[in-house]
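Working notes, beginning with the structure itself.
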Amino acid sequence: MIPSILPTYSRAPLKFVKGEGSWLIEADGRRYLDMGSGIAVTLLGHANPTLVDALTSQANSLWHVSNLYEIPGQVELADRLVDATFADTVFFTNSGTEACELAVKMARKYHYEKDQPERVDIIAFEGCFHGRSSAAIAASGAEKMVKGFGPLLPGFTQVPFGDIDAVSAASTESSAAIIVEPVQGEGGIVSLPDESLKALRQICDDTGMLLILDEVQCGMGRTGRLFAHERVGIAPDIMMIAKGIGGGFPLGAVLATEGAASGMTVGTHGSTYGGSPLAMAVGNAVMKTVADKTFLAEVNRKAGLLRQRLEGLVAEHSDVFEGVRGEGLMLGVKCRMPNADVVKAGFEAGIITVPAGDNVVRLLPALTISDEEIAEAMARLDRAAKATKAA
Ligand SMILES: *Cc1c(COP(=O)(O)O)cnc(C)c1O
């Protein structure tokens, strides 16, 4: 018999009833160090007092109004994002996949309005993840995402991640945009080399394609910069964000330049819930905290500490682990044993990690994790590694 919850997830037998900073707690009081953050979502930890305060005070005054009316919190957060980035304009969504939908629509509309309606094709990369909507799964092209869900939304091709020659070869007169994660998350914490990101920008400049960056997972301070692409000194035309920006409240956004957004006029897009007063209260509190040099400097310091400790641990357990990859507090440990076994042993040792593609275990702690918690995480991962070996 089908369970009352549609069985699309294989769930671990963990039932958390409370969160506190970097910790998740079960009903019997058992505490787990959370190095997954609900997959890079609870950016400032669980039950962060600033966010709780922002959410509850908004909840006491106004939850929801339609986008038919002005929402002051949207203007405030959009201004913050515009001030801090390449973008001139912002649309708020509830999720990453909704941001993907709009990014694709925006790119196609841009070319349509330029009297190039044939330019509809989007070049994406193998191993990418942009969400679960029809556009996002078509962008992925991976069999496990698309099988049985045809006919797929047309107009997507995939080339090997970071392969610039393949991008050039795939670029045609009907190409509209390139969509890419500066650091692939689900694909296994794989950074796009700086030179490749620069080259993609150049190809877009040369061909008139738009560059869409998906910073849903790697954005919002996770890599030690507000947005991951800043390390390269290039700017996209369109950027998707979600996950961390809401700190656990459903919130995403599409950021764009004035030019890229020029086709999105009144009536061309909308959302019932996107940019609700509740979401904006939390988003503004998150952005206020993260878009701060001192905060980001502290993220980088802790990232250095975690990286160094993790490299040591991986060297000690070279029969379980192969190496560390990633940037900032978005780290992946490539495993020699099945990553699912390591994650499971972690549960036993009281640490939450997240599996990813390419047999990687992801560490995506709250950016507010303390030095003591980093040390504790390493002690617990050490136990997990020993248990994986013994099993
Ligand atoms: C999680 C994720 C998405 C999809 O976001 P949802 O909020 O789950 O729809 C898109 N892109 C990237 C890079 C992600 O990590």
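Considering segment 139-176 alone, what residues qualify as being part of a helix (DSSP H, G or I), acidic (D, E) and either within 20 Å of S196 (Cβ to Cβ) or touching a residue at least 60 places away in the same chain (Cβ under 8 Å) (or both)? Within segment 139-176, D165 is the sole residue that qualifies.
Residues checked against (1) basic (K, R); (2) in contact with a His (Cβ under 9 Å, 6 or more places away or on another chain); (3) modelled with pLDDT of 95 or more; (4) more than 16 Å from I203 (Cα to Cα):
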site	(1), (2), (3), (4)
I122	no, no, yes, no
E126	no, no, yes, yes
G131	no, no, yes, yes
A136	no, yes, yes, yes
E173	no, no, yes, no
V183	no, no, yes, yes
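Go through the residues of segment 236-249 one by one and say whether even a single one is open to solvent by less than 30 Å² (accessible area, probe 1.4 Å) and away from the ligand (no atom under 15 Å from the Cβ). Checked against the condition, which is being open to solvent by less than 30 Å² (accessible area, probe 1.4 Å) and away from the ligand (no atom under 15 Å from the Cβ), segment 236-249 yields at least one hit. Condition check: in contact (Cβ under 8 Å) with a residue 12 or more places away in the chain, among the aromatic types (F, W, Y), part of a loop (DSSP other than H, G, I, E, B) and surrounded by fewer than 16 Cβ atoms within 10 Å (Cβ to Cβ). Does F129 satisfy that? So F129 fails the test.
Of the residues making up segment 189-231, those that are away from the ligand (no atom under 12 Å from the Cβ) and on the phi > 0 side of the Ramachandran plot are G208, G221, G224.
In this entry, G188 passes the filter for residues that are assigned to a loop (DSSP other than H, G, I, E, B), under 25 Å from K302 (Cβ atoms), open to solvent by less than 10 Å² (accessible area, probe 1.4 Å) and at pLDDT 95 or above. With respect to R336, determine if the residue is surrounded by fewer than 24 Cβ atoms within 10 Å (Cβ to Cβ), farther than 29 Å from G29 by Cβ, in contact (Cβ under 8 Å) with a residue 12 or more places away in the chain and of a type in the set (K, R). In short, yes. Listed by position, the strands (runs of 3 or more DSSP E) inside segment 1-117 whose residues that are within 16 Å of the ligand (Cβ to nearest atom) and buried (at least 20 other Cβ atoms within 10 Å of the Cβ) number at least 1 are 89-93.
Is it the case, given these coordinates, that N94 is polar (S, T, N, Q), modelled with pLDDT of 95 or more and touching a Leu at 6+ places or on another chain (Cβ under 8 Å)? Spelling it out, N94 is indeed polar (S, T, N, Q), modelled with pLDDT of 95 or more and touching a Leu at 6+ places or on another chain (Cβ under 8 Å). For segment 287-309, give me each residue that is surrounded by 14 or more Cβ atoms within 10 Å (Cβ to Cβ) and among the polar types (S, T, N, Q). Answer for segment 287-309, where residues must be surrounded by 14 or more Cβ atoms within 10 Å (Cβ to Cβ) and among the polar types (S, T, N, Q): T289, N300.
The values are calculated or read from the model by the stated rules, or taken from the named source; none is laboratory data. Quick caveat: nothing in here was measured; it's all calculated off a predicted structure. As a convention, Cβ positions derive from the backbone with ideal geometry for all residues, glycine included, and neighbour counts pool all protein chains shown. Please note that ligands, DNA and RNA were not included when accessible areas were found on the heavy atoms of the full protein model with its side chains. Shrake-Rupley method; radii C 1.70, N 1.55, O 1.52, S 1.80 Å.
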